[in-house]
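A short worksheet on the structure shown next.
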Amino acid sequence: MLKKYSDKIKCVWFYLCWLFIGFVSSVDVYLTIKYCDNLPEYELNPIARLILHCDEWDVSRFVAIKVFMTILVLGIVRWILYLNPKYAFTIINALALCQAILLTFLVYNWFY
């Protein structure tokens, strides 16, 4: 009985982290669109700067790439959960931690 309860908690935790990653990505995309005029000054990611620079700082392609990559990563992590739950939990926790750091950075830099 205890193992089943533990498995349910792990499953709930996995999907909460999964949703959190999608939420932070959505906030990131929202802020990218909202502050698109300021991106040349404030974008710190060199890969993002390269993509934006190649498209003359138009955010449409950049946002499409961000959304596609988020969906791809969330799908891959879900697939890994099916294949090897132990690795999936390690990966989802690491991704959620990175997204929490990103969210803190975004909120601190954009709103304060």
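What follows is calculated from the coordinates using simple rules that are stated; it is not laboratory data. Quantities reported herein were computed from a predicted structural model and do not represent experimental measurements. Don't worry about glycine lacking a Cβ; one is built from the backbone with ideal geometry, like all the others, and counts go over all protein chains shown.
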Descending principal axes extents, the range 4-112, alpha-carbon based, whole Å: 52, 29, 18
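What are the GluC sites (Glu not before Pro) within the range 38-112 that DSSP puts in a loop, where the Cβ has at most 14 other Cβ atoms within 10 Å?
Details: sites: Glu41, Glu43, Glu56; in loops: Glu43, Glu56.
Filter output for the range 38-112: Glu56.
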